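Step one of this worksheet: look at the structure below.
We did not get these values from a lab; they are worked out from the coordinates using the rules stated. From a predicted model like this one, the values you see are computed outputs, not experimental measurements. A quick note on method: Cβ atoms are made from the backbone with ideal geometry, for glycine too, and the neighbour counts reach across all protein chains shown.
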Amino acid sequence: MTSEFEVSGQKYRSGRMNAFEQSHIIRRLAPLVSAFSGVVGAIKSDPARAFEPLAAAFASMSDADVEYIQVRALAVVQRQQGDRWAPVFVQRGGIAFDDIDALVMNQIVFEVLRDNLAPFFEGLGRMGLGDLLGSMA
């Protein structure tokens, strides 16, 4: 499975993370998902109030957990370079493109996580947790 998307005028292609990496990422994101589920109703009525628990949950994540998620996501991404595709992340070298800043990096990570983790959350819906998932949409 590959998915193509665009961020800041650059075309990217993401691949599939293996099931173990997906599981470890889901485990690390659990506090964010929990915080999100608690503020679903407030998002439309009072976005600022809804943002606080999400920001707190994100801020409480360890640097190691955040970096784990970012590195695993970036490791499956390639960027279009003319008619070729080049890896975005090089294991010992970090991000391969100087124009990828924190905002762009996290937009890329979000796209990869959305593509790779959607089946997990859809599966939860099939297991009877559809109301929770529906309220998150």
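Taking θ as phi - 60° and the Karplus parameters 6.51, -1.76 and 1.60, the scalar couplings of region 101-107 work out to 9, 4, 5, 5, 4, 6, 5 Hz in sequence order, x denoting glycine and proline. Computed extension length for residue 18-residue 81: 20.1 nm, one decimal, from 0.36 nm per residue of separation with the Cα-Cα distance subtracted. In order along region 2-11, the phi-based Karplus estimate (6.51 cos²θ - 1.76 cosθ + 1.60, θ = phi - 60°) of 3J(HN,Hα) comes to 10, 9, 9, 8, 10, 9, 6, x, 10, 8 Hz; Gly and Pro are listed as x. The length gained on full extension between residue 66 and residue 30, counted as 0.36 nm times the residue separation minus their Cα-Cα distance, comes to 11.7 nm.
Proximity of backbone amide H atoms, modeled 1.01 Å from N, is registered between residue 11 and 80 at under 5 Å, excluding neighbours fewer than 5 places apart on the same chain.
Roughly how many debye, to the nearest 20, is the charge dipole of region 1-111 about its Cα centre, given +1 on each Lys and Arg Cβ, -1 on each Asp and Glu Cβ, and no other charges?
Roughly 340 debye for region 1-111.
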